[in-house]
Amino acid sequence: MVGNALLALGGAHGVTGHAVTLADGCLVRNEWVCGEYLSSRKTEIWDALVQHTVITVVSVLLGIAVAVPVALVARRWRWLEQFVLGASTVIYTVPSLALFSLLLPFTGLSATTVVVGLVLYSLTILVRAIVAGLAGVPAPVVEAARGMGYGERRLLWQVRAPLALPTVMAGVRVAAVSTVALTTVGAVVGYGGLGDLIYEGLRTLFKPQVLTASVLCVALALAVDLLLLAAQRAATPWRRGRPA
Amino acid sequence: MSWLSETVAWLTNGANWSGPDGAAALLGEHVRVSAISLLVAAVLVVPLGLWLGHVGRGGTVALNVGNVGRAVPTFAVLVLLALAPPPFGLSQLSIITALVLFAIPPVLTNTYVGVREVDRAAVDAARGMGMSGWQVLRSVELPLAAPLVVQGLRLAGVQVIATATIAALAGGGGLGRLITEGFNRQDQAQLVSGAVLVAALALLVEGLFELLQRAVRPPSARA
């Protein structure tokens, strides 16, 4: 109020002759919803979003790349399958906070730490999904293919894989969405994407930053889910007309 | 492998367990917060899931709440609540609320699916015998759905225990404190000890729920 009066008296330079930067607005008042925050911190938000997306995509792709051979090997030997499932359950009980902190001395203060942790977590979901998907392939179909002369490799890629795809894709969707959310904890080692903004926002009590980063995180996760759902529908045309 | 022996040394050192900031106190706090969160989530959502499954409505919601729930990072919810005005703020209420929201999706989905998966023939037979809807739910659907309901609680329980560690990032307590302190002090033994305790607690709860799940398996399924 006084500031307004001073401005009215002396224009932009106020009574004292100095430039009066009358700061008022949702940014100063630290409101939850603030357009000013969005416009003034565009680069920061964008960088965090990009980092978050890259970490998620790399982790999920690596997860799939590791899970496929592990699942194929696990299907071959029963005891190995039990071991892999047991090991993945144990990994899942290790809190992400601890896992990222533990990997730090080995992989340093880098995105690698977060990616390795995320890959380990997504493995638990992906290996299960791939094993379950392959196990769900109807035996008559496999027999028919064998009768037609399909060798093991052709059987795997042209018969088992397509039929296992819906279950596997469901697992990939769960893993991807979980990874987006879990990436935020990477903030403890400084590579949490949007989680970094949230963490910093807590320490500086900066409300609009926390809300914006949180909303973007959820939006990213939902976008990833919908994208993968579309990919799944596109990859399994024979299932169109049936519920996903 | 020195960290292994250092961790064992840390865990067997009585001094680390005593005191208000000792491992024992933090473990107790962790168990308390996790248990309350799981209990509240169960009370809120198991009846709802049972009812929705019984009437066969709200399936899309019950099944998709899992997808949406997974998309919301608990860390974000916790920080949002920590910055909110009292009674939230940096309090146990914030942590418990965040964990309750986190636990709801798996419990709701599993409860709903559990009731839907009940053999239709059994339900029809019960109806044919003249049982009311409520009697069908209580005497037929609930016992047959029990294993899946317990599985939902088990999933939620283990995840809540692991996730409760994040509370330490927002000034909370629990075993996460051992991890963050160990991280800040570069005390790897403390860090690993915290992680080991959380994992051990989660595996213990997993085991207990496994036993519970076996116990509630209906006689027909045990054959």
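Annotations
- Given R0 = 35 Å, the distance between the Cβ atoms of residue B:120 and residue A:142 translates into a calculated FRET efficiency of 0.70.
- Chain lengthening between residue B:127 and residue B:211 when straightened (0.36 nm per residue, less Cα-Cα): 27.1 nm
- Pairwise label distance in nanometres, residue B:84 with residue B:44, each label 7 Å out on the Cα-Cβ vector: 1.0
- Placing +1 on the Cβ of every Lys and Arg and -1 on the Cβ of every Asp and Glu, with nothing else charged, gives chain A a dipole about its Cα centre of roughly 1220 debye.
- Proxy reagent accessibility, fewest Cβ within 10 Å first, across A:42, A:207: A:42, A:207
- Cα gyration tensor shape of the protein assembly as shown, rounded if a/c is under 1.5, else prolate or oblate by comparing a/b with b/c: prolate
- Cα gyration tensor category, rounded, prolate or oblate, for chain B with a/c compared to 1.5: prolate
- Of the chymotrypsin sites (Phe, Trp or Tyr not before Pro) found in region A:165-218, none is in coil by DSSP with at most 10 other Cβ atoms within 10 Å of its Cβ.
- Here the label points at residue A:233 and residue A:29, each 7 Å from Cα along the C-beta direction, are separated by 4.3 nm in the simple model.
- Of A:66, B:69, B:25, farthest towards positive along the dipole that unit charges on Lys, Arg, Asp, Glu beta carbons give the protein assembly as shown: A:66
- Each Lys and Arg adds +1 at its Cβ and each Asp and Glu adds -1 at its Cβ; summed about the Cα centre, chain B shows a dipole of about 640 debye.
- Over region B:24-120, Cα pairs under 8 Å with separation of 6+ residues give a relative contact order of 45 percent.
- Approximate spin-label separation residue B:203-residue B:187, in nm, with each point projected 7 Å along Cα-to-Cβ: 2.4
- Only Cα pairs under 8 Å and 6+ residues apart enter the sum, and on that basis the relative contact order of chain A stands at 24 percent.
- Using the Cβ-Cβ distance between residue A:40 and residue A:109 with R0 = 35 Å, the FRET efficiency computed as 1/(1 + (r/R0)^6) comes to roughly 0.80.
- Dipole in debye (nearest 20) - the protein assembly as shown, about Cα centre, beta carbon charges: Lys, Arg +1; Asp, Glu -1: 1680
- For region B:23-216, the residue among B:102, B:169, B:211 whose Cα projects farthest onto the positive side of the dipole built from Cβ charges is B:102.
- Förster radius 51 Å - calculated FRET efficiency between residue B:17 and residue B:64, Cβ distance, rounded to 0.05: 0.70
- Each residue in A:148, B:131, A:169 was given a count of other beta-carbon atoms within 10 angstrom of its own, and listing them fewest first yields A:148, B:131, A:169.
- In order through region A:76-90: 3J(HN,Hα) via Karplus (6.51 cos²θ - 1.76 cosθ + 1.60), integer Hz, x for Gly, Pro: 6, 10, 3, 5, 5, 4, 4, 5, 4, 5, x, 4, 5, 5, 5
- Whole-Hz ³J(HN,Hα) from phi, Karplus 6.51 cos²θ - 1.76 cosθ + 1.60, for region B:163-179, glycine and proline x: 6, 4, 5, 5, 3, 5, 6, 10, x, x, x, x, 5, x, 4, 4, 5
- Of A:227, A:187, A:97, farthest towards positive along the dipole that unit charges on Lys, Arg, Asp, Glu beta carbons give chain A: A:227
- As a proxy for reagent exposure, A:225, B:124 were ordered by neighbouring Cβ count within 10 angstrom, fewest first; the result is B:124, A:225.
- Residue-wise HN-Hα coupling along region A:197-211, computed from phi with Karplus coefficients 6.51, -1.76, 1.60 (Hz; x: Gly, Pro): 5, 5, 4, 5, x, 5, 5, 9, 6, 9, 4, x, 5, 5, 5
- Per residue of A:189-199, other chain Cβ atoms within 10 Å of the residue Cβ number 2 on average.
No lab work stands behind these numbers, since they all come straight from the coordinates. Everything numeric in this text was worked out from a predicted model, so none of it was measured. Don't worry about glycine lacking a Cβ; one is built from the backbone with ideal geometry, like all the others, and counts go over all protein chains shown.
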